[in-house]
1. Apply 1/(1 + (r/R0)^6) to the Cβ-Cβ distance of His318 and Thr187, taking R0 = 30 Å, and write down the FRET efficiency to the nearest 0.05.
2. Round to the nearest 10 and give me the degree value, 0 to 90, for the angle of helix 159-175's Cα axis relative to the longest principal axis of the chain.
3. With all protein chains present, calculate the accessible area of Val168 using a 1.4 Å probe and round the result to the nearest 10 Å².
4. Just check the range 322-398 against the gyration tensor rule for me: Cα atoms, a ≥ b ≥ c as the square roots of the eigenvalues, rounded for a/c under 1.5, and otherwise prolate or oblate depending on whether a/b exceeds b/c.
5. Hey, what's the Cα Rg ratio for the range 11-107 versus the globular rule of thumb, 2.2 N^0.38 Å?
6. Considering only C-alpha atoms, what is the centroid distance from the range 76-128 to the range 194-238, in Å?
7. Calculate for the chain the 222 nm mean residue ellipticity that helices alone would give, adding -39,500 (n - 2.57) per DSSP H run of length 4 or more and normalising by residue count, nearest 500 deg cm²/dmol.
8. In the range 53-127, what is the volume of the convex hull around the alpha carbon atoms, normalised per residue and reported in Å³?
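The values are calculated or read from the model by the stated rules, or taken from the named source; none is laboratory data. Since we're looking at a predicted model, the values are computed, not measured. So basically every Cβ, Gly included, is an ideal-geometry build from the backbone, and we count neighbours across all protein chains shown. What goes into the accessible areas is simple: the full protein's heavy atoms, side chains included, and nothing from ligands, DNA or RNA. Shrake-Rupley method; radii C 1.70, N 1.55, O 1.52, S 1.80 Å.
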Amino acid sequence: MNDLASHKLTTKQYLVVSSLLFGLFFGAGNLIFPLHLGQLAGGHWVGATVGFLLTGVLLPLLSVLAIAVTRSEGVYDVGRPLGVSFALVFMVLIHATIGPLFGTPRTASVSFTVGVAPFVTKADQQLALFIFSAVFFLLAFAFSYRENDILSNVGKVLNPMFMALLFVMFLVAFLRPLGNPMATPATSAYLHSSVVNGFLQGYNTMDAPAGLAFGVTVVHAVRQMGQKREKDVAKVVGKAGLLSMSMVAVIYALLIVVGAMSLGHFKLSADGGVAFTQVVNYYGGAFGQAVLAVLITVTCLTTAVGLVAAFAQDFHKHFPKVSYHTWLALTTLASFLAANFGLDTIIAWSTPMLMFLYPLVLVLILLSVFSPLFHRDSAVYFFVVLFTVVPALGDMVVAFPKVVSASAFGKGVAAFRAHLPLASMGMSWLVPALVGLVLGLGVHFYRVRVNATALEKN
C-alpha cells in the first residue's frame, strides 16, 4: 500500500513545476502581443491590461484547473463528455492548430523575424530562415526526445536564462523611460472600449487551448515526482498553475507599460515585433539586438518543446501503433516545413481556425472547471457546444482571406452573423452559448427531479 501513496512535495518542487508551466506557456507571442497592446492603448493601458489579463492569464489558468478538476490528462479528456468521436476530433484539431500547422511553426518564424532577420540582408532571408528553423527544431526535438528530461530541460535550464534576460530589459526600460505611459495617445478603438479590445487581443497568445494540450506534459512530470493518486496530481497542478500564471500576469503588465511608454519616442508600430526591436535598439544598439535574438529564441524554444512533446504524447496515447518518437519526429518535421512559409502566411491562415476553435475551447474550459456543479452531465455540454459552434463557424468564414469571405457564400454568412448580439465586438458566440447553458442546465435539473421522484415512489 505504501507504493500507492504520494510523497508530499517540497516548496522547491512546487517551484519547479511552476517553472515548467511558465516555460511552456510563455513564448515569443507572449512578449510581442502585450507590448504592441501597450502602444495601441496608450494612456488607456490600464483598462486594456485588465481585458488582456482575462484572456491571456485567467483563461489559461482555468485551462490548467480544468485538467486538475476533471482529472484529465489532455485535450481528449476535456471533450470526452460529448462522446469519443467528438473528443478525438477536438483533440486532433487543437493539436494541429497549436502544433505543426500554425502554433509550433510560429515559434520559429517569430524568433527569426524579430531576433535574427535584422542581421540578414533581404536577399538572404529565405535561406537564413531555412537554416535557422532547421537548427531550432533539431534543438526542440533533442530537448523533448526523452520524456523524462522535459521537466529538467525546460524548468531548470531554459527558464532561468529567459528570466535573467527579461529582467535586464525591464530594469533598463524603467530606469530610462521613453515617456509617461499615462500621457501617450491611444488609438480610436481604445478610447472607449479598452477592456473589450484588450480582451480580444489576449486571443493571440493561444494559451487557453495550449493549456489543455500541455496538460498531458504537466501531469506526466508531476507523476515523475512521486504523485501517484489522481487527487494529489490535481492538487499539485492547480497550485503550481496559480503561481506560474501570477508571474505571467506581472510580466504582461510590465510589457504593456513599456509599450505605452515607447510612444513617447516612437510612432505606433505595425506589430509587437517591430516595437520590441525599436525599444531594444534604442537602449542597446547592436548588442541589444543580439540580446533580443537570444531572448526571443529561448522563449520560443521553451514553447516549442512543450508543443511537440504534448503532440507526440497525446497522439501516441490515442494512436499507440505509432511510437512517441515517431510522432515527435513527424510533428517536428511538419513544423519545420510550415515555418518556412513565413510568419505572415502562418498568421493569415491560422486566424480563421482560431476564430472557430477559441469559443469552443473557452466554453469547454469553463464547463470543465464548474462540472462538479452539474455532475459533468453530457446534456449541459451538448447544448452549450451546439449553440456555440454555429456562430463560431460564421466567425471562421468571415476571417478567411477574401477568396472565401468576399464570395457570395461568405457575404451571406456575414449578413447572418451581423444579426447576432455582440457580433460587432467579435463575440457573436457569447449569447448563444449562454442560451445553450440555460437549456442544458434545464435538462439536467429536470432529470435530477425525475430521478428523485422515482426514488421516492420506490
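1. Values: r = 44 Å, r/R0 = 1.48.
My answer for the efficiency is 0.10.
2. 60
3. Val168 has an accessible surface of roughly 80 Å² with all protein chains in place.
4. Details: a/c = 3.55, a/b = 1.55, b/c = 2.29.
Cα axes put the range 322-398 in the oblate bin.
5. Expressed relative to 2.2 N^0.38 Å, the Cα Rg reads 1.31.
6. That distance is 18 Å.
7. -24000 deg cm²/dmol
8. 119
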